[in-house]
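Report on the structure given below.
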Amino acid sequence: MSDDFSNMSDRARDIFRLVVESYLDDGVPVGSRTISKISKLNLSPASIRNVMQDLEETGLLAAPHTSAGRIPTHSGLRLFVDGMMQAAEPSAAERAAIEAQIKHEGPVEEALSAVSSILSGLSDCAGLVMVARKEVILSQFSFARLSATQALAVLVGVDGSIENRIVEVSAQLSDSNMAEAANYMSARLSGMTLSEAIKRLDEEIAGERAMLDKVSADLVRKGLVIWSSDANNRPVLIVKGQSNLIDDSANADLDMMRQLLDDLENKEAIAKLVDGAREAQSTKIFIGSENNLFSLSGSSVIAAPYREEGGKIVGVVGVIGPTRLNYARIVPMVELTAQTLSRFAK
């Protein structure tokens, strides 16, 4: 619990909670008269106003524009979420809707897309699911020279997928070297994942069993490494429901919503952000300026990791929306989705 929270008087804590809850409910700056009407504090608007002024001076509340009302700052929202929020359990209908999408038969990508969509619909935010790109099972290989220092490396997976990459090559590389490398890979590495193929190559070179000269062996390793590196650095990220972020209540913050939609186009940056939930091993809540990606749009991200059988974290599920979220409802919903995904992950 933060020092700000522990140092608050009971009166300040009650008023602060009421301001935050009222703001999260309707998005309107909250005035002292509103607090006086909705609370049972038996305080005059003037007394409430003095407390709100103190909370503003501590950086927990702010007065937007020339409004007499206050709204919570990002620091205030963080304090509320960490120390005061009372989570609401997902309803039976919400649980059933989430589980139905996750149990849906078909390709895993379709299931993940459905999960992102259902989270978006239930939360009125943009839903997201991120999973590491599965390692391709190798089938065929070929190389083609592009220039004196570059070659095109082509990988075909057993699922029919094709990956093309440009690799830097030695000036001594000949057409026969490229053919030798491709033949070796097809004969010795087919049916393996990229990581397994790299291990096999290193073992055979160390044991002088590869039957490759150094130039060809270098080409094989460069091809395998660049394919493997790209797969690790390009996770599958599915974002659904961006349209939920623009509605009548968002008109006053239209510029911020446009900025958020622009941010959502940068999927590589989003993947790096939500990957923080994977590293934390638990639900992460990023509020507004706490993350660089959404600092301009003032948006929040709630993300939780999910696991495969055995406990290994394989992906992240969550939502992106304005900072004025119903955190008490959405945080447990994201956690439930992650737990349900973990139960059915293969």
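Observations on the structure shown:
- Candidates are the residues of segment 331-346 that are at pLDDT below 85 and not basic (Lys, Arg); the one that is surrounded by the fewest Cβ atoms within 10 Å (Cβ to Cβ) is Phe344.
- Residue in segment 186-227 that is nearest to Phe143 (Cα to Cα), counting only those that are open to solvent by 60 Å² or more (accessible area, probe 1.4 Å), acidic (Asp, Glu) and outside any loop (DSSP other than H, G, I, E, B): Asp218
- Verdict on Ile71 being at pLDDT 90 or above, of a type outside the set (Gly, Ala, Ser) and in a strand (DSSP E or B): yes
- Taking segment 8-53 as the range and being open to solvent by 50 Å² or more (accessible area, probe 1.4 Å) and at positive phi as the test, only Asn42 passes.
- Scanning segment 124-141 for residues that are closer than 18 Å to Ala182 by Cβ and open to solvent by 50 Å² or more (accessible area, probe 1.4 Å) yields a total of 2.
- Condition broken by Thr58, with the remaining ones in (1) exposed (fewer than 15 other Cβ atoms within 10 Å of the Cβ); (2) at pLDDT 90 or above; (3) of a type in the set (S, T, N, Q) satisfied: (1)
- Any pair with Cβ under 6 angstrom, 6 or more apart, that starts in segment 20-48 at a residue that is outside any helix (DSSP H, G or I) and ends at one that is β-branched (Val, Ile, Thr) and open to solvent by 30 Å² or more (accessible area, probe 1.4 Å): Pro29/Ile71
- Looking across segment 152-174, the residues that are more than 27 Å from Gly191 (Cβ to Cβ) and either buried (at least 16 other Cβ atoms within 10 Å of the Cβ) or at pLDDT 85 or above (or both) come down to Glu168, Ser174.
- Only strands (runs of 3 or more DSSP E) whose full extent lies in segment 112-177 are considered here, and the ones with at least 2 residues that are small (Gly, Ala, Ser) and in contact with a strand residue (DSSP E or B) (Cβ under 6 Å, 6 or more places away or on another chain) are 126-131, 138-145, 150-157.
- Considering the conditions (1) modelled with pLDDT of 90 or more; (2) assigned to a helix (DSSP H, G or I); (3) under 19 Å from Leu112 (Cβ atoms), Ala328 is excluded by exactly one of them, (3).
- Residue within segment 123-134 that is of a type in the set (S, T, N, Q) and touching a Gly at 6+ places or on another chain (Cβ under 9 Å) present: yes
- For Ala88: the one exception among (1) modelled with pLDDT of 85 or more; (2) part of a loop (DSSP other than H, G, I, E, B); (3) out of contact with any Lys or Arg (no Cβ under 8 Å at 6 or more places or on another chain); (4) at negative phi: (3)
- Pairs with Cβ under 6 Å, 6+ apart, first in segment 282-311 and without any contact (Cβ under 8 Å) to a residue 40 or more places away in the chain and of a type in the set (A, V, I, L, M, F, W, C), second part of a loop (DSSP other than H, G, I, E, B) and surrounded by fewer than 20 Cβ atoms within 10 Å (Cβ to Cβ): Ala304/Thr283
- When Thr149 is tested against (1) open to solvent by 40 Å² or more (accessible area, probe 1.4 Å); (2) under 33 Å from the mean Cα position of the chain (by Cα), only condition (2) is not met.
- Every residue from segment 21-68 that is β-branched (Val, Ile, Thr) and in contact with a Ser or Thr (Cβ under 6 Å, 6 or more places away or on another chain): Val30, Ile48
- Residues of segment 271-307 classified as modelled with pLDDT of 80 or more and closer than 20 Å to Leu112 by Cβ, total: 9
- Counting only residues that are under 21 Å from Leu24 (Cβ atoms) and either among the polar types (S, T, N, Q) or outside any helix (DSSP H, G or I) (or both), segment 54-68 holds 10 of them.
The values are calculated or read from the model by the stated rules, or taken from the named source; none is laboratory data. Treat the numbers as computed from the prediction; the structure is a model and nothing was measured. Neighbour counts are summed over all protein chains in view; Cβ atoms, including those assigned to glycine, are modelled from backbone coordinates with ideal geometry. Ligands, DNA and RNA are stripped out before the accessible areas are found, and what is left, the full protein with its side chains, is counted by its heavy atoms. Shrake-Rupley method; radii C 1.70, N 1.55, O 1.52, S 1.80 Å.
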